[in-house]
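These notes are about the structure you will find just below.
The values are calculated or read from the model by the stated rules, or taken from the named source; none is laboratory data. Predicted model only: the values in this text are computed from it and were never measured. Counting neighbours? That spans all protein chains shown, and the Cβs are built from the backbone with ideal geometry, glycine included. These area figures cover heavy atoms from the full protein model, side chains too; ligands, DNA and RNA do not enter into them. Shrake-Rupley method; radii C 1.70, N 1.55, O 1.52, S 1.80 Å.
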Amino acid sequence: MFRVMFHEPRIPPNTGNAIRMVAGTGCELHLVGPLGFDLSEPKLKRAGLDYHDLASVTVHENLAAAWDAVLPARVFAFTAHATTSYTDIAYQPGDVLLFGPEPTGLSEEVLADAHITECLRIPMLPGRRSLNLSNAAALVTYEAWRQHGFKGAV
């Protein structure tokens, strides 16, 4: 339904958690390299439990290859520097939800990419840098899915 994209993820358990999340929601996970770990990493496997076979996961060599695979689509990039809240968007099936690497987030270069439809933020208390990557992805994915009545869920 939706496409969650991690740009250059660095922490295996976050990606493992995201694999479990997309398996549970019917979304796709797109990993854009270079990755900061090997997909056979034990911590990634442990975090994803036995959901790896139930998840749609695609690895792209770089952002250009990812765009070739997912476009045309709306792309929402998540950054603490945006002013629009993730809840202010009417999500559509096929939307790409783009998250940056831990601990830096998306670079200025990626945020300026012409394929980005809009930059969004997840509200937090002042003085906080960011949420955990897999938690942020889950928040946004479930909001998008909620807007569509949790289609397909039991």
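Listed values, structure above:
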quantity	calculated
Reduced Cα scattering model of segment 79-149, Debye log10 I(q)/I(0), q = 0.25 Å⁻¹	-1.38
Nonlocal amide H pairs with LEU98, under 5 Å, H built at 1.01 Å	MET5, PHE76, ALA77, PHE78
Shape parameters for the chain, alpha-carbon atoms, Rg then Dmax in Å	14.4, 41
Exposure of THR117 as accessible area (Å², to 10), given a probe of 1.4 Å and all protein chains	70 Å²
Neighbourhood net charge (13 Å Cβ-Cβ; Lys/Arg +1, Asp/Glu -1) for THR104	-2
Residue-count net charge about LEU29 - beta-carbon cut-off 13 Å; Lys, Arg +1, Asp, Glu -1	+1
Helical mean residue ellipticity (222 nm; -39500 (n - 2.57) per DSSP H run of 4+; nearest 500) of the chain	-9000 deg cm²/dmol
Where labels lie 7 Å past Cα in the beta-carbon direction, separation of ASP38 and GLN92 in nm	4.2 nm
Relative contact order of the chain, pairs being alpha-carbon contacts under 8 Å that are 6 or more residues apart, as %	28 percent
